[in-house]
Each structure stands twice: as structure tokens, then as C-alpha cells.
Amino acid sequence: MSPDWQVRQRVNRVLAHRPSLNLDEWFERFYQRQGIAYPIAQFVYTRLSHYSGLEFGCVLPSDRLTEDLKWSRVCWFDWDLCFCDDFYGQFQVDISDHLDELPTLTVEELICLLDRSLNAEKSWDQTQKKLT
């Protein structure tokens with residue numbers, strides 16, 4: 001199923017009334033103080049923009065994927081599978097067990113989930129190295 005282009009245009013019109021931040025500004029304003037890894041913010045900023053066609057520099061952490069950004073209507077139907085594959089490809093962390101949670105999250109909750117998943121994997125790897 002393809003995106004609903006009219007819904008995508010409507011959401012982008014709403015977003016256009018907000019300041020547009022480049023990736024560095026978006027990260028510094030919303031996520032740096034929280035200790036979120038820059039690569040996670042970069043991944044979300046670029047990949048979610050790619051999947052949705054939305055101007056992600058205008059998206060706020062409090063925006064809800066489903067209710068505010070109309071995620072299931074602006075993206076291709078398999079965006080979540082691509083997202084998991086892309087995340088695994090970049091970070092070697094499998095987040096597919098969180099697939100059913102993704103549409104119900106805010107952007108900030110999604111970023112925190114990804115950051116926790118990445119940190120948990122790093123911790124696991126470090127523990128394994130210590131044991132060997």
C-alpha cells in the first residue's frame with residue numbers, strides 16, 4: 001500500500017508553520033542534553049524523513065507518530081520492516097521485537113527506545129568481552 005499523498009501534504013503544511021532545523025540544530029535543541037547518541041538522532045532524522053516524506057527538521061519530540069504525523073498514512077505500508085532492517089544494518093542491533101510499539105510512540109519515545117537498545121547491546125558486548 002502506498003502513502004496517502006494528500007495526507008502527507010496536509011501534515012507537511014502543518015509542519016511548515018514551525019521552524020525548520022537542520023540535523024545538528026535538531027539534535028542540539030532536543031536530544032544532546034538527554035545524552036542521546038548523535039548517530040541515533042541522525043538515523044531517526046534522515047530515515048524517518050525518507051520513509052514519510054515529511055520535513056523532519058520541523059518535527060518536535062512530542063509529536064506522536066500516529067496521531068500527529070499520521071504515520072501509517074504518510075509512509076509505505078512496510079516502513080517499519082525497512083526501519084528495523086536499516087537500524088540493524090547501521091548498528092547491528094535487532095529492534096524487530098519492538099515493531100508493534102513503533103506506531104504508538106512519540107518521536108522522543110522512539111529515539112529513547114533506540115538509544116536504550118543500542119546501549120544495551122554495547123553493554124552486552126562489553127560483558128561478553130570481559131568473560132572471554
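Here are the numbers for this structure:
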{"quantity": "All positions within region 83-118 that are in contact (Cβ under 8 Å) with a residue 60 or more places away in the chain and either open to solvent by 30 Å² or more (accessible area, probe 1.4 Å) or part of a loop (DSSP other than H, G, I, E, B) (or both)", "calculated": "108, 112"}
{"quantity": "Selected residue (only one of 10, 47 is open to solvent by 70 Å² or more (accessible area, probe 1.4 Å) and in a helix (DSSP H, G or I))", "calculated": "10"}
{"quantity": "Residues satisfying the stated conditions in region 38-68, i.e. without any contact (Cβ under 8 Å) to a residue 40 or more places away in the chain, of a type in the set (S, T, N, Q) and under 18 Å from residue 22 (Cβ atoms)", "calculated": "42, 46, 49"}
{"quantity": "Flag for residue 80 being more than 17 Å from residue 49 (Cα to Cα), part of a helix (DSSP H, G or I) and modelled with pLDDT under 95", "calculated": "no"}
{"quantity": "Flag for residue 68 being out of contact with any strand residue (DSSP E or B) (no Cβ under 8 Å at 6 or more places or on another chain), under 22 Å from residue 115 (Cβ atoms) and open to solvent by 60 Å² or more (accessible area, probe 1.4 Å)", "calculated": "no"}
{"quantity": "Within region 13-42, considering residues that are surrounded by 14 or more Cβ atoms within 10 Å (Cβ to Cβ) and aromatic (Phe, Trp, Tyr), the one farthest from residue 114 (Cα to Cα)", "calculated": "26"}
{"quantity": "Selection from region 15-37 of residues that are outside any helix (DSSP H, G or I) and either over 21 Å from residue 65 (Cα atoms) or touching a residue at least 60 places away in the same chain (Cβ under 8 Å) (or both)", "calculated": "31, 35, 36, 37"}
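The values are calculated or read from the model by the stated rules, or taken from the named source; none is laboratory data. Note that this is a predicted model, so its numbers are computed, not measured. We place every Cβ from the backbone using ideal geometry, glycine too, and count neighbours over all the protein chains shown. Just so you know, the surface numbers come from the protein's heavy atoms only, side chains and all, with ligands and any DNA or RNA stripped out. Shrake-Rupley method; radii C 1.70, N 1.55, O 1.52, S 1.80 Å.
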